[in-house]
1. Let me know the Rg and Dmax you get for the chain when you use only its Cα atoms, in Å.
2. Starting from the 7 Å offset along Cα-to-Cβ, what nm value, one decimal, do you get for the label separation of Lys126 and Ile94?
3. On a 0 to 90 degree scale, rounded to 10, what angle separates helix 36-49 from the longest Cα axis of the chain?
4. Give me the distance in nm between label points sitting 7 Å out from Cα along the Cα-to-Cβ direction at Lys33 and Ser101, one decimal.
5. Taking a 26 Å limit on the Cα-Cα distance, which of the listed pairs Lys3/Lys267; Lys36/Lys75; Lys126/Lys182 fall beyond it?
6. Which far-off residues, 5 or more places away or on another chain, put their amide H under 5 Å from the one on Ser109, with H placed in the peptide plane?
7. Which entries in Lys111/Lys165; Lys64/Lys165; Lys22/Lys64 show an alpha-carbon gap greater than 26 Å?
8. Collect residues whose amide H, placed 1.01 Å from N in the peptide plane, falls under 5 Å from the amide H of Gly142; neighbours closer than 5 in sequence don't count.
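Values in this text are rule-based calculations from the coordinates and carry no lab data. Worth saying up front: this structure is predicted, and the values here are computed from it rather than measured. A quick note on method: Cβ atoms are made from the backbone with ideal geometry, for glycine too, and the neighbour counts reach across all protein chains shown.
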Amino acid sequence: MRKKYPTDLKDREWVLIERHFKVSYEKGGRPPKYSKSEMLNAIFYVLRTGCQWRYLPHDFPPWKAVHEQFRRWKKQGIFEKINYEITKYSRAKIGRNEEPSACIVDSQSVKTTEGVKGYDGGKKVKGRKRHIVTDTQGFVLGCYVGAANENDRDGIKIALDNMKKKYANVRKMWADMGYQGKDLKDHIKREYDIEIEIIKRPPCRFWVHKDTPLELLPQRDPGFSVQPRRWVVERTFAWINRNRRLSKEYDLLTTSTESFIYLAMSKVMLSRKYA
């Protein structure tokens, strides 16, 4: 019996997701050498610490076995299914409807070491861009990872495609000024039946005549102000980036990053007292 790591699943957390990993051996097949919970604990260790697969501590199963299991679960969409189930459970626990009716979208550009990459001129980042869709609580409903030079308007369409497969009741969406444009608004309304509302920044500059008296100049708050709704998705990015594997793009495949995003959000919800 090995000593537990802080990233290990607690018994109550494993009970909530155990059914997604059950395999029937009635038709034959060799029982697994390592338990599914131990494999998942090893994956959470990689996610949180950011270590390479081959640098897994020796008290976990062999790194090759863990990595191969991660690839299989990724192809089966297990991590996305887990996030979907825990999101419904968590929303119900805090008194919200299991199916959200509104969402918030945003993107984040991060540096990468290999694989698909591009240059985001706005953020001055060479790497990839993560597009996520969250509910009003900050739980991830869908995501998509692409090159950093990909336009926000194009990336969010793919993220919404991933979301609408599971959440069909969403009718309202909030976004920043990077998603402006009548074409995008009409497309989202036509394809997803969602109304988009743009959250605009407070003005930082005013053009006035040089002879305007000081008492007639427009007034604005000189300090930082939280933008309505948008702070929720920014907080979600902060939750995700606490995991060192996601502080930078280390994976060759963007689908691996998407799986890690779903896993990171699932761990956040599982760790809550109401989970």
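1. Calculated on Cα positions, Rg and Dmax stand at 21.6, 88 Å.
2. For the pair Lys126/Ile94, the computed spacing is 4.0 nm.
3. Between the helix axis and the principal axis of the chain, the angle is about 40 degrees.
4. Label at Lys33, label at Ser101, 5.3 nm between them.
5. The answer is Lys126/Lys182.
6. Close amide H contacts, sequence-distant or interchain: Arg130.
7. As for pairs spanning more than 26 Å Cα to Cα, those are Lys111/Lys165; Lys64/Lys165.
8. Placed amide hydrogens put Val133 under 5 Å from Gly142.
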